[in-house]
Amino acid sequence: MHFAPDTDEVLLFDIALANTAPTASRSGLDELASPAELTALLDEWRFSGRFDRDEAELAAVHGFRDELRALWVLDRDAMAERVNAMLRETDAQPRLERHDGFDWHLHTTPMDAPLVDRIRAEAALALVDVVRTDETDRMRVCEAPDCTGLLIDLSRNGSKRFCSVRCGNRVNMIAFRERKADEANGAG
């Protein structure tokens with residue numbers, strides 16, 4: 001599945017943000033526990049615009065992280081309703097911009113809008129593409145039994161099952177060990 005490059009980028013950022021939650025993170029901890037960790041995430045993804053870098057901003061982003069995790073598993077119609085509400089609530093006004101070495105791409109809110117509004121509006125705009133192309137089935141929760149990580153399957157064949165190679169390897173190793181144990185018990 002191929003969306004516009006900025007849509008892919010926003011969807012992948014959304015995954016990175018959502019998977020900082022304790023039940024989805026590699027460490028099992030909240031990987032967005034401080035304004036410094038939020039700043040590092042935003043720097044990694046080259047997020048631009050206003051940053052307050054304070055506890056209030058972090059709390060607002062945590063709230064959106066929870067909203068995003070719930071949104072990710074909605075059916076298409078419910079997702080469309082929620083995305084429309086997000087666009088209204090952030091007063092999104094899409095426009096093309098080019099800055100900081102990026103070619104033309106969409107922005108939906110002013111650069112000085114609160115961070116959480118910019119994140120929500122950009123997520124909503126990216127999800128518009130997912131909903132209107134009827135690809136919501138590519139938005140998934142990791143199939144590893146001990147992981148709640150989210151994923152977006154951008155592969156051609158739509159077969160991605162795990163949020164990371166780590167989860168896929170762990171599930172495959174468990175299955176391998178179970179097969180070996182079954183073989184050993186059957187032979188004995």
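The values are calculated or read from the model by the stated rules, or taken from the named source; none is laboratory data. Because the structure is predicted, anything quoted here is derived from the model rather than measured. Quick reminder, even Gly has a Cβ in these numbers, built from the backbone with ideal geometry, and neighbours come from all protein chains shown. These area figures cover heavy atoms from the full protein model, side chains too; ligands, DNA and RNA do not enter into them. Shrake-Rupley method; radii C 1.70, N 1.55, O 1.52, S 1.80 Å.
Give me the one-decimal nm value for the distance between modelled label points at ARG50 and HIS105, 7 Å along each residue's Cα-to-Cβ direction.
2.1 nm
When the solvent-accessible surface of protein heavy atoms is calculated with a 1.4 angstrom probe, in what order do HIS99, HIS107 fall, highest first?
Ranked from most to least accessible, the order is HIS99, HIS107.
Do the sum for the chain: with -39,500 (n - 2.57) for every DSSP H run of n ≥ 4, divided by all residues, what is the mean residue ellipticity at 222 nm, to the nearest 500 deg cm²/dmol?
It lands at -17000 deg cm²/dmol.
Which of these, ALA85, ALA24, ALA175, has the largest mean-square fluctuation under a Gaussian network model of the chain (Cα springs below 10 Å)?
Largest GNM mean-square fluctuation: ALA175.
Could you tell me the convex hull volume per residue, in Å³, taken over the Cα atoms of the range 102-172? Provide the component values of the computation, followed by the final result.
On the way: hull volume 9.8 nm³, N = 71.
Taking only Cα atoms, the range 102-172 has a hull volume of 138 Å³ per residue.
Over the range 8-99, one equal point on each Cα, no solvent: what is log10 I(q)/I(0) by the Debye formula at q = 0.20, 0.22, 0.24, 0.25 Å⁻¹?
Evaluating at q = 0.20, 0.22, 0.24, 0.25 Å⁻¹ gives log10 I(q)/I(0) of -1.17, -1.34, -1.44, -1.47.
Which of PHE47, PHE13, PHE64 moves most in a GNM of the chain, Cα contacts under 10 Å?
Evaluated over the chain, the most mobile residue of the options is PHE47.
If the elastic network links every pair of Cα atoms under 10 Å, which of GLY28, GLY63, GLY101 fluctuates the most in the Gaussian network model of the chain?
Maximum among the listed residues: GLY101.
Calculate the spin-label point distance for ASP91 paired with ARG76, positioning each point 7 Å from the Cα along the beta-carbon direction, and give it in nanometres.
Result: 3.4 nm between the two label points.
State the percentage of accessible surface on the chain attributable to carbon and sulfur atoms; use a 1.4 Å probe and exclude ligands, DNA and RNA.
53 percent
Counting heavy atoms of the protein chains only and a 1.4 Å probe, report the per residue accessible area for the chain as a whole number of Å².
Solvent-accessible surface per residue comes out at 55 Å².
Rounded to the nearest 0.05, what FRET efficiency is calculated for LEU12 and PHE176 with R0 set to 30 Å and r the Cβ-Cβ distance?
0.50
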